[in-house]
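Engineer: The structure that follows is given in the form of structure tokens.
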Amino acid sequence: MRGINRILVTSRFTLKNSPLLNGQKKDFTSRFMTEKYIPANEIRQAISNAASRQYGDEVPLYNDMVGIARESNQAYINAHPEKFAGNSNALNEISQTRHAAIRIVTGYELSMMNRIFAVMGMDPVEYYNLLEVQAHSTAFSSPLAGGNPFRVFTSKLRLELLGEEVQKMAKKAIEKRNFFTPKLIELVEIFEVEGGLTREQSNEFEAEVVALFAERKEALISRDDYEALLKISPLAADTLAFYPHFNHFTPEVEDVFDAHKRMNEAGMRTINAVQGPPQDLPLFLNQTSFVAVEKTFKFPNPDGTFTEGTHTSSFGELEQNKAAGTKKAFGLYQEVLAIALSTTKETDPDYRENIQKTFEKHFSNDPKVLRKEGLIFCQYKKTSKEGSPQSNDLESLIEEGYVSASPFKYWGFLPRSAVGIFESNGVVKNSDKKSNISEEEARNQFEQALGRKVLSIFDIYAAEQARSIQNTYKKLDLGVPEKLAEEVNTAIVNDPYTLNNKEKGTQIGR
Ligand code: OOG
Ligand code: NI
């Protein structure tokens, strides 16, 4: 709360002194009722398109990977024509860029990211405690945004897990960091006060954000310091020597196992094994990536000259998004994965088969069974069938054909997969220092810095599922059975968007 007040006070102060706003103020008031602000979805889409294009220029191997992803998706379309009948744009639709990632250091940086992504209609969703890589993370995202749920995995370095030497170097490096331009801050403040950006402002904002996360050829610390850090924590080296930059983009594929094979066949060095659940388990997501490429940078010397050196942090990733699992499914998934990982590791040639064997004992691969077991979230709809149903029980309505249930796609992450992706790109476990704070405390600190609580992805899907059940019964002109009605009401009461709207007193973009 304190954070929000502070932001508003700053905003007002800056706005009063803002030449841009003063220049437009009259316009603003006169146009207020007639001109609509640019929808957050549009701003997000424009930024994800432009930034991934820019990334392809920075990392040409990424473009090669995108080519392979499209080949794999085209093969999938050819093999399943019935799923795409009449859709001439299917290949583009299923090959969209679904996420990117950045890494940051300070609490101020995290709070600024929250404010910047808010302009793009993205909220911090879920907290991922990634001790293995000395980071904790959230995903700025918009899981219900239909065609464009682009998200940004954002990791904050946990300096408290690193030794005094790193902390001292970090303190020095942090003092000199500043990458939020006055223009960008001004646009964020305008958004916060006005509730939207005009066409011209959103164009400026898009250019600012794309530039913010671009690769910069000059490092921020000397090569010696960088190399010393690299030995202790590669994540500390990456985040302290460089400003945050998109370190990968991730287009969607229909069959990531096929795409992974194609990447290897094309001679691309990938991670050892596809991350995530067994191929046949239709839950959460599977991911693969190519190993980060080495690039040349200029490291500053104390005398103002530069020394060339290399840094390895840019890679490319593909994901196959499956059904949105419930919290129960998420817990079970983590448990079963831990069991599997106690007997097999990713470098084993039969790793995927081993994982499959363990999961088979605990999970059905049938989406219908998973739904009945309360493991996946679905959108329920009244079908076109006319007549009078036997009962108002949801399962019998589905069996009789009055109601359809289709799983939501999962637009979250999996913590073990995320660590696998980090590890594959050189950010290995190097620190022996144990955390002296609990996960709950670490999460509190993270949210304190963020300036708000992270939203639960499970609560988001649960509320949307509940609303679809309500609508379905309404359309069927039937009452919701008592026990189901209770579940539906609880889910709607816990809708994070509603709670958050109340807490912030503002409309959250979706
Ligand atoms: C983020 C790695 C995690 C994923 O898809 O799980 C991630 C990073 O390397 O900064 O992107
Ligand atoms: Ni990723």
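Read the figures in this text as sums done on the coordinates, not as results from a lab. Predicted, not measured: the structure shown is a model, and the values here were computed from it. Quick reminder, even Gly has a Cβ in these numbers, built from the backbone with ideal geometry, and neighbours come from all protein chains shown.
Engineer: For the pair Glu165/Glu441, report the inter-label distance in nm, with labels modelled 7 Å from Cα in the Cβ direction.
Structural biologist: 2.6 nm
Engineer: Would you give the gap between the C-alpha center of the stretch 357-420 and the C-alpha center of the stretch 209-245, rounded to a whole Å?
Structural biologist: 44 Å
Engineer: Sticking with this structure for a sec: With the crude spin-label approximation of a point 7 Å out along Cα→Cβ, what separation in nm comes out for Asn129 versus Ser342?
Structural biologist: Result: 2.0 nm between the two label points.
Engineer: Can you list the HN-Hα couplings for the stretch 78-85, worked out from phi with the Karplus curve (6.51, -1.76, 1.60; θ = phi - 60°), rounded to whole Hz and with x for Gly and Pro?
Structural biologist: Values, residue by residue: 4, 7, 10, x, 4, 6, 10, 3 Hz.
Engineer: For Ala266 and Glu218 in the same chain, what is the full-extension length gain: residue separation times 0.36 nm, less their Cα-Cα distance, in nm? Spell out each step's value before the answer.
Structural biologist: Numbers: separation 48, 0.36 × 48 = 17.28 nm, distance 3.22 nm.
Net length gain for the segment: 14.1 nm.
Engineer: Whole-Å semi-axes of the stretch 119-176's equivalent ellipsoid, largest first, each the root of 5 times a Cα gyration tensor eigenvalue? Intermediate results must be reported in sequence, preceding the final value.
Structural biologist: Numbers: eigenvalues 190, 36, 8 Å².
Over the Cα atoms of the stretch 119-176, the semi-axes work out to 31, 13, 6 Å.
Engineer: Continuing with this model, one more query. Mind putting together the pair-distance distribution for the stretch 203-281? All Cα pairs, 5 Å bins, whole percent per bin, short to long.
Structural biologist: 3, 11, 15, 14, 12, 15, 17, 11, 3, 0
Engineer: Okay, next question. Please list the equivalent ellipsoid semi-axes of the stretch 357-490, computed as the square roots of five times the alpha-carbon gyration tensor eigenvalues, in descending order and whole angstrom. All intermediate terms of the calculation are to be shown ahead of the outcome.
Structural biologist: On the way: eigenvalues 325, 78, 30 Å².
Three semi-axes, in Å: 40, 20, 12.
Engineer: Right, next: What's the center-to-center distance, using Cα atoms, between the stretch 118-146 and the stretch 259-295 in Å?
Structural biologist: 22 Å
Engineer: I'd like the Karplus ³J(HN,Hα) series for the stretch 36-42: coefficients 6.51, -1.76, 1.60, θ = phi - 60°, whole numbers in Hz, and an x wherever there's a Gly or Pro.
Structural biologist: Coupling constants for the stretch 36-42: 8, 6, 6, x, 4, 4, 5 Hz.
Engineer: Please list, ordered by chain and number, the residues whose modelled amide H lies under 5 Å from the amide H of Phe297; skip anything fewer than 5 residues away on the same chain.
Structural biologist: Excluding prolines and chain starts, which carry no amide H, the hits are Gly309, Thr310, His311.
Engineer: Per the Cauchy relation, a quarter of the hull surface: what is the mean projected area of the convex hull of the alpha carbons in the stretch 135-230, in nm²?
Structural biologist: On the way: hull surface 35.0 nm².
That works out to 8.8 nm².
Engineer: Would you please put 169-181, 100-112, 318-330 in order of how densely packed they are, using the mean number of other Cβ atoms within 10 angstrom per residue and starting with the highest? Don't jump to the answer; show the numbers that get you there.
Structural biologist: On the way: 169-181: 14.0, 100-112: 20.2, 318-330: 22.5.
Descending mean neighbour count gives 318-330, 100-112, 169-181.
Engineer: For Glu42 and Lys83, what does the FRET efficiency come to when R0 = 41 Å and r is the distance between their Cβ atoms, rounded to the nearest 0.05?
Structural biologist: Details: r = 28 Å, r/R0 = 0.68.
In this case the efficiency is close to 0.90.
Engineer: Same structure, new question: Hey, can you grab everything whose amide H is under 5 Å from the amide H of Thr270? Only 5+ residues off in sequence or another chain; H modelled, so Pro and N-termini drop out.
Structural biologist: It is Val291, by chain and number.
Engineer: Ok, one more. If you take the square roots of the eigenvalues of the alpha-carbon gyration tensor of the stretch 188-333 and sort them as a ≥ b ≥ c, do you get rounded (a/c under 1.5), prolate (a/b over b/c) or oblate?
Structural biologist: Values: a/c = 2.17, a/b = 1.26, b/c = 1.72.
Since a/c reaches 1.5 but b/c is at least a/b, the shape of the stretch 188-333 is classed as oblate.
Engineer: So, one more: Which aspartates and glutamates have a Cα lying under 20 Å from the Cα of Lys172, excluding residues fewer than 8 positions away in the same chain?
Structural biologist: Hits, sequence-local ones excluded: Glu109, Glu160, Glu164, Glu218, Asp224, Asp225, Glu227, Asp238, Asp303.
Engineer: Return a single number: how many Lys pairs in the stretch 218-343, at a sequence separation of 8 or more or on separate chains, have alpha-carbon atoms below 30 angstrom apart.
Structural biologist: Details: Lys231/Lys295; Lys231/Lys298; Lys261/Lys295; Lys261/Lys322.
For the stretch 218-343, qualifying lysine pairs total 4.
Engineer: Mind checking which aspartates and glutamates have their C-alpha under 17 Å from Lys409, skipping anything on the same chain fewer than 8 residues away?
Structural biologist: Glu93, Glu126, Glu252, Glu254, Asp255, Asp280, Glu319, Asp366, Asp459, Glu464
Engineer: Would you kindly derive the ³J(HN,Hα) couplings of the stretch 210-215 from the backbone phi angles with the Karplus curve 6.51 cos²θ - 1.76 cosθ + 1.60 (θ = phi - 60°), listing them in order in whole Hz, with x for Gly and Pro?
Structural biologist: 4, 5, 4, 9, 6, 6
Engineer: Pop the C-beta distance of Glu227 and Glu360 into the FRET formula with R0 = 45 Å and round what comes out to the nearest 0.05. Before the final figure, lay out each step's value.
Structural biologist: On the way: r = 47 Å, r/R0 = 1.03.
Using R0 = 45 Å, I get an efficiency of 0.45.
Engineer: Another one. List the residues of the stretch 73-92 whose backbone N lies under 17 Å from a point placed 7 Å from the Cα of Ser384 along the Cα-to-Cβ direction.
Structural biologist: Only 85-86 fall inside the zone, counting backbone N under 17 Å.
Engineer: On to the next question. At q = 0.11 Å⁻¹, what is the base-10 log of I(q)/I(0) for the chain according to the Debye formula with one equal point scatterer per Cα and no solvent? Please give it to two decimals.
Structural biologist: -1.05
Engineer: Okay, moving on. Can you give the convex hull volume of the alpha carbon atoms of the stretch 25-156 per residue, in Å³? Please list the in-between numbers first.
Structural biologist: On the way: hull volume 24.6 nm³, N = 132.
Per-residue hull volume (Cα only) is 186 Å³.
Engineer: Packing-wise, with mean Cβ within 10 Å as the measure, how do 52-62, 268-278 rank, highest first?
Structural biologist: Ranked by mean Cβ neighbours within 10 Å, highest first: 268-278, 52-62.
Engineer: In terms of Cα to Cα distance under 17 Å, which aspartates and glutamates are near enough to Lys483, apart from those fewer than 8 places away along the same chain?
Structural biologist: Filter leaves Glu373, Asp393, Glu395.
Engineer: For the pair Ala75 and Thr181, what calculated FRET efficiency results from E = 1/(1 + (r/R0)^6), where r is the Cβ-Cβ distance and R0 = 56 Å, to the nearest 0.05?
Structural biologist: Numbers: r = 44 Å, r/R0 = 0.79.
Computed FRET efficiency for Thr181 and Ala75 comes out at 0.80.
Engineer: Based on the Cα gyration tensor of the stretch 143-199, what are the three equivalent ellipsoid semi-axes, each the root of five times an eigenvalue, rounded to whole Å and given largest first?
Structural biologist: Over the Cα atoms of the stretch 143-199, the semi-axes work out to 33, 20, 8 Å.
Engineer: If you count, for each residue, the other Cβ atoms within 10 Å and average over each peptide, how do 360-373, 249-262 line up from highest to lowest? Can you show the working numbers first?
Structural biologist: Details: 360-373: 15.1, 249-262: 22.4.
Top of the packing list down: 249-262, 360-373.
Engineer: Can I ask one more? Over all distinct alpha-carbon pairs, what is the Kirkwood Rh of the stretch 399-478 in angstrom?
Structural biologist: 17.2 Å
Engineer: Just the number: Rg to Rh for the stretch 261-374, Cα atoms, Kirkwood Rh, two decimals.
Structural biologist: 1.17
Engineer: Need one number: nm distance between label points at Asn92 and Ser396, each 7 Å from Cα along Cα→Cβ, rounded to one decimal.
Structural biologist: Distance between the two pseudo-spin positions: 4.8 nm.
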